[in-house]
Amino acid sequence: MSRSFKRELPPPQASLEKLEKMVNEGSYYEAQQMYKSTSARYASTQRYSEALDILESGALLQLNHQEVTCGAELATLFVETLIKGKFPCNNETLGRIRRIFEAFPRISLPLELLVDDDDMQKLSEAMVAAKARVEGCCTFLRTALKWSAEFGASKNGSPEFHEMLADYMYSESPETDMVKVSSHFVRGNDPKKFAKTLVNFMSKCYPEEDDVAIARGVLMYLSQGNLRDANILMDEIKHLLELDELDIPQSELMQFIEYLLLTLERDAYPLMKVLRQNFKSSIERDPLFDESLDEIAERFYNAKRRSGGIQGLLGDLFKMPMM
C-alpha cells in the first residue's frame, strides 16, 4: 500500500508554484499549513529530497516576506528532515542551510528618536519582534548544529553554524549576552571576526566590562587548548583598536591575560600558579575565570583538577545544543 502511494505522489513543482502564489498574495498562514502537510506526505514515503525542496522553498519565501515565525518553523523542519533522511553534512547541504540563514531579516531597533509615548511603544514592539527573530533563528541553527554533529566531521557541530549563531545573536538581540556569543565564536574558525565583534562591543559597553569581555574570549579559547586562536584574537583586537587610535584596556586583568599567554608558550606550570595567586582579585571578577584556568592547567600541564571534567558554568557553556 505504501509503495503504491509513494508512486502516486506527483512531482512537487505544481504544489510549489501554488504555494508561492499563496505567499505572494499574503495568505501566509494557509500556505504555512500546506507547506507542512505537503512536505510531511513526501517525507512519510521516504521521498526526503522532495520534502526538503518544499521546506526550503517555503522557508525562503516566508522569510523574504518578513514572516519570521513561519519561516523559522519551516527552516527547522528542513533540518529535522535532513536528520530523518540521514543526509551527510557536506558542501551542498551546508550551502542550503547557509541560504536559509541569510534570509533571516536583520532590522535595526529604532533608538534614534525616543521623545514621546508613541516612540516608546514602537520601541517596545520592535524589541518583542527582535526577540522573536532571534529565538526563531537560534532554534533553526541549534537544530542544524545537532544534525552537523551527528552527520558531520565535528562532534561540536559545524564551526560555521557556531559563527552564524554568534553573529545573529550579537547583531539582532535587544539585550546582548556576550557570554553566549563568545562561547559560539570560540567553537568557530574565525577569531578575527570575533575580535571585530568584541571591539564593537567595547564601544557600547560600560567601561568595566570591556577587559572582562576580552579576557573571557581568550580564556574560552584556552579552555579548549586553542592557544593559536587565543593569540590571534588578542593581536587582532590590538590591531583594530590601533586603527581607531585607541588602546587596549589598561587593567590588571589584561596584564594577567598577557602574562598567561606568554606562560603557556612554555613548560611553566609553577609560573602559572604564581600568576593565579598574584592576580587573584582580577580573576575573581568573573566566576567563569577560575574554572577556565583549572581547565587550562589540565590541558596544557596535565594538572590535576579539583574534580573531574569540565565543571559548573564552564561545563554548561560548552554543552550542546545552546541558545
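Side notes on the structure shown:
- Condition broken by D167, with the remaining ones in (1) surrounded by fewer than 20 Cβ atoms within 10 Å (Cβ to Cβ); (2) in the same structural domain as E80 (by TED's automatic domain parsing) satisfied: (1)
- Criterion violated by A130 - all others in (1) among the hydrophobic types (A, V, I, L, M, F, W, C); (2) buried (at least 17 other Cβ atoms within 10 Å of the Cβ); (3) within 22 Å of E56 (Cβ to Cβ); (4) more than 12 Å from the chain's Cα centre (by Cα) satisfied: (3)
- As a summary of the residue check, E175 satisfies the conditions (1) touching a residue at least 12 places away in the same chain (Cβ under 8 Å); (2) out of contact with any His (no Cβ under 7 Å at 6 or more places or on another chain); (3) not in a helix (DSSP H, G or I) except for the one numbered (1).
- Selection count, segment 241-287, where residues are within 17 Å of M220 (Cα to Cα) and in contact with a Ser or Thr (Cβ under 6 Å, 6 or more places away or on another chain): 3
- Some residue of segment 199-221 being over 25 Å from R276 (Cα atoms), small (G, A, S) and in the same structural domain as Q255 (by TED's automatic domain parsing): yes
- Restricting segment 185-237 to residues that are small (G, A, S) and not in a helix (DSSP H, G or I), the residue that is nearest to the chain's Cα centre (by Cα) is G188.
- Of all the residues in segment 201-224, those that are surrounded by fewer than 23 Cβ atoms within 10 Å (Cβ to Cβ) and closer than 14 Å to G188 by Cα number 1.
- Scanning segment 137-161 for residues that are farther than 24 Å from G71 by Cα and among the aliphatic types (A, V, I, L, M) yields a single hit, A153.
- Within segment 96-109, the set of residues being under 17 Å from the mean Cα position of the chain (by Cα) and of a type in the set (G, A, S) comprises just one member, A103.
- Selection within segment 47-68 - farther than 14 Å from V23 by Cβ and touching a residue at least 60 places away in the same chain (Cβ under 8 Å): none
- Only one of the listed residues (E125, E102, E112) is modelled with pLDDT of 95 or more and on the phi < 0 side of the Ramachandran plot. That residue is E102.
- Of residues in segment 151-164 being touching a Phe, Trp or Tyr at 6+ places or on another chain (Cβ under 9 Å) and not polar (S, T, N, Q), the one surrounded by the most Cβ atoms within 10 Å (Cβ to Cβ): F161
- Counting the residues of segment 145-164 that are in contact (Cβ under 8 Å) with a residue 60 or more places away in the chain and either assigned to a helix (DSSP H, G or I) or under 23 Å from I107 (Cα atoms) (or both) gives 9.
The values are calculated or read from the model by the stated rules, or taken from the named source; none is laboratory data. Only a predicted model underlies this, so the values are computations on that prediction, with no experimental measurement involved. No Cβ is skipped: glycine too gets one built from the backbone with ideal geometry, and neighbour counts run over all protein chains shown.
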